[in-house]
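The values are calculated or read from the model by the stated rules, or taken from the named source; none is laboratory data. Nothing here was measured: the structure is a model prediction, and the numbers come from that model. No Cβ is skipped: glycine too gets one built from the backbone with ideal geometry, and neighbour counts run over all protein chains shown.
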Amino acid sequence: MRRWIAKILGIAVVAALSAQPLGANPRQAPAQASAGFAPLAQWRAAVMAGDKAAIAKFYVPDSPAPAPMADGKKPTPADREPAFWSALQSQGLTNFEPKILQREQLRANTTFLVLRVEMTFRAPSGETRRMVAPMRQTWVNENGWHIAATRRGDAEPMEAISLPQPATPNPHLYPDPADAQQELAGALAEARVDHKRVLVIFGATWCYDCHVLDATLRSPRVAALVAASYHVIHINIGDDRRNADMAQRFEVPLDKGIPSLAVLDGDGRLITSQKQGEFESAAKIGMQDVTGFLDRWKPAEEK
């Protein structure tokens, strides 16, 4: 499959702003996940069309010394992007879904996106392959929205996931890392009153597996069990392992991956925690793994 899609590492920031407004008009209805930010839906349409000139209009030209992205890392040279994305159509691209996992308003005219890009390709033989790649984009609105910085990750085969997946991921799933202690204190206070357990989920909004776990906990099969037995809080580790002290306190080794769970009683005592990254890959677990964990660690009187 990598013969269809070149192996790619992160790419580009731009400093000077183009005065040219967006010129792409969607040829297809935009994906639901990208429709939450109209310029992204328009960019998607240009990629699906394989229109190199239209794609190029979305990018601010590179500056001589590109600034780092919002996460402090180097971007991808913008002049490489139109050629890369427009070439996908000739490689058999049949579907292209950039899902917004995280969205931050850096300034009034600047939006930062963390994306999960899902792609479907059909080979001349008829064989279909699905690929997925992480990507980050910084969009700036001056005379229209343009991509001022972008970075791509390697495209990999998309693993099958049996758990419920969000049609539109919540781009604000995890609260600010600084809110962790307040979130915990509030949940513990409620648990002391109603004698439920506190389900602490360490993760980050950029983590798709975290979104899948959240969709699973909200699904009809699981939601009633969660509501009856748990107060759920999300502890944001961000890009740089924020709240590592809380993870250590509850014996959650973040180096095993996220999402990772701990269960507490109303007094804050640790009942159990995941120590081997048991839920870090949504593709490796099923509904019985999630319901089994919740059933096992719910308050004793409910078992």
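Remarks
- Listed here are the strands (runs of 3 or more DSSP E) enclosed by the stretch 101-206 that have at least 2 residues being over 22 Å from the mean Cα position of the chain (by Cα), within 25 Å of Met287 (Cα to Cα) and modelled with pLDDT of 95 or more: 197-203.
- Residue check for Lys275: touching a residue at least 40 places away in the same chain (Cβ under 8 Å) and among the basic types (Lys, Arg): no
- Qualifying residue in the stretch 257-267 (condition: among the charged types (D, E, K, R) and either assigned to a loop (DSSP other than H, G, I, E, B) or over 23 Å from Pro175 (Cα atoms) (or both)): yes
- Qualifying positions in the stretch 177-197 - farther than 21 Å from Ala228 by Cβ and surrounded by fewer than 19 Cβ atoms within 10 Å (Cβ to Cβ): Pro177, Ala178, Asp179, Gln181, Gln182, Ala185
- Selected residue (only one of Phe279, Phe293 is part of a loop (DSSP other than H, G, I, E, B) and among the aromatic types (Phe, Trp, Tyr)): Phe279
- Test: Arg242 is assigned by TED's automatic domain parsing to the domain that holds Asp194 and loosely packed, with under 14 Cβ neighbours inside 10 Å: no
- Matching option when the condition is on the phi < 0 side of the Ramachandran plot, exposed (fewer than 14 other Cβ atoms within 10 Å of the Cβ) and either without any contact (Cβ under 8 Å) to a residue 12 or more places away in the chain or not hydroxyl-bearing (Ser, Thr, Tyr) (or both), among Ala78, Ala149, Ala123, Ala155: Ala123
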